[in-house]
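Following: one structure in structure tokens, then a few remarks.
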Amino acid sequence: MANSHLKALLHKNWILWKRNMCCSILEILIPVFFMFIFAVFRNLEEAKTIETRSYLENEQYSLKFAADNARVFEEIRIKCEKDRRGGKIGLVPPNNDYVDAIIQ
């Protein structure tokens, strides 16, 4: 039964497609035209290599800070799960010279 419904739907779509031939052709040609235009614009501009830049003065310190506090964050997360708070943590940075330097 589903096969006959599918055949009827496909036949109906074919009739509508043939009936509006101009619109049907434009449904195919307009996306192809825009793909061509975008490809032309993309090839007109050369790719630029942008140098990576770190905004941290001392990356070693930030990695050490994260490693030292990973255990603390995990303990807080487990405590939040036990308290039925969903295990979500809102992190607040400590007040120290390093954080102040990043903010400025």
Legend entry - Quotient of Cα Rg and 2.2 N^0.38 Å for the range 1-45, N being how many residues it contains: 1.83
Inset, instruction - Note down the accessible area of Glu27, probe 1.4 Å, to the nearest 10 Å². - result: 130 Å²
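The values are calculated or read from the model by the stated rules, or taken from the named source; none is laboratory data. Source: prediction; values computed, not measured. The area values use the complete protein model at the heavy-atom level, side chains included, leaving out ligands, DNA and RNA. Shrake-Rupley method; radii C 1.70, N 1.55, O 1.52, S 1.80 Å.
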